[in-house]
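Have a look at this one.
The values are calculated or read from the model by the stated rules, or taken from the named source; none is laboratory data. Treat the numbers as computed from the prediction; the structure is a model and nothing was measured. Note that we place each Cβ from the backbone using ideal geometry, even for glycine, and neighbour counts take in every protein chain shown. These area figures cover heavy atoms from the full protein model, side chains too; ligands, DNA and RNA do not enter into them. Shrake-Rupley method; radii C 1.70, N 1.55, O 1.52, S 1.80 Å.
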Amino acid sequence: PHSAHILPRSIMPSPHCNVLYVDHCNSVRSIMAEALLNHHSGPNITAYSAGSNPGEAVHPIVIEKLVRAGISTSGLHTKSWSEFTRSESPSMQCVITLWDDPEPPSCPQFPGHPVTANWGISDPLYLASIAVPSREVDRAFTGAFTLIQDHIQSLLTLPISSLDPAELQISLNRIGHS
């Protein structure tokens, strides 16, 4: 597994790039992705997260994993994706869904005509909601955290500012299938 301290900072896009991570509840996977990308990306990328049906709070295991990795949890909270469809919302260059379902919900239209991709990461919240041993739940959260971290490491190596939208979409989808 990768350490939280080895993600590359060398290739940053210019100008600024906004990335929105979307999943169902915005309490686990998308929150992890938002925090990890903001922590490792530098000033030219800003990550956001949202959910189609946001939960009431960020899951405590996510907070624990982020704190243990030395990543700030300040300002993290669940949000509806409708917050990012308004004309005054930040314009997104990339929207990355984290659905792992065969028939995910359709995303709304986001301002700025962003490139979209799906990374298909299993939701550890499912195991947390059924009666399974806590070590299996922790393993699922750790697995999701590590996979998201690996995907973000790959994203940060992309020359985003020099890719046209079609190339960026192909690259982002390739990351999701790795």
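Taking springs between alpha-carbon atoms closer than 10 angstrom, which of GLY75, GLY143, GLY42 fluctuates most in the Gaussian network model of the chain?
Looking only at GLY75, GLY143, GLY42, the largest GNM fluctuation is found for GLY75.
Ok, one more. Whose amide H sits under 5 Å from the amide H of THR46, counting only residues 5 or more places off or on another chain, with H placed in the peptide plane?
Amide H neighbours of THR46, under 5 Å, 5+ apart: CYS17, ASN18, VAL19.
For helix 134-155, report the angle its Cα long axis makes with the longest principal axis of the Cα atoms of the chain; keep it between 0 and 90° and round to the nearest 10°.
10 degrees
Which residue fluctuates most in the GNM of the chain (Cα springs below 10 Å): SER82, SER27, SER162?
Highest fluctuation of the listed residues: SER162.
When a/c is below 1.5 the answer is rounded, else prolate if a/b is larger than b/c, else oblate, so apply that to region 91-165 with a ≥ b ≥ c taken from the square roots of the Cα gyration tensor eigenvalues.
Because a/c hits 1.5 or more and a/b fails to exceed b/c, region 91-165 counts as oblate.
In addition: Go ahead and set up a Gaussian network model of the chain, Cα springs under 10 Å, then flag whichever of ALA166, ALA144, ALA33 fluctuates most.
Answer for the Gaussian network model of the chain: ALA166.
Among ILE31, GLN169, SER41, whose Cα lies farthest out toward the positive end of the dipole of the chain, if unit charges sit on the beta carbon of Lys, Arg (+1) and Asp, Glu (-1)?
Toward the positive end, the furthest listed residue is SER41.
Moving to a separate point now. Percent antiparallel among DSSP beta bridges with both residues in the chain, to the nearest 5?
0 percent
For the full complex of protein chains and a 1.4 angstrom probe, list HIS177, HIS16, HIS151 by accessible area with the highest value first.
HIS177, HIS16, HIS151
Also, I was wondering about something else. Quickly estimate the mean residue ellipticity at 222 nm for the chain, helices only: each DSSP H run with n ≥ 4 gives -39500 (n - 2.57), and the total goes over all residues, rounded to 500.
-11000 deg cm²/dmol
Is there a quick way to get the dipole size of region 23-178? I mean about its Cα centre, with the Cβ of Lys and Arg at +1 and of Asp and Glu at -1; what is the value in debye to the nearest 20? Don't jump to the answer; show the numbers that get you there.
Numbers: 8 positive and 15 negative charges, 62 e Å.
The calculated dipole for region 23-178 is roughly 300 debye.
Of all GluC sites (Glu not before Pro) in region 38-85, which ones are in loop regions per DSSP and have a Cβ with at most 13 other Cβ atoms within 10 Å?
GLU56
Something else about it: Put HIS39, HIS77, HIS113 in order of accessible area, largest first, 1.4 Å probe: what do you get?
I get HIS113, HIS77, HIS39, largest accessible area first.
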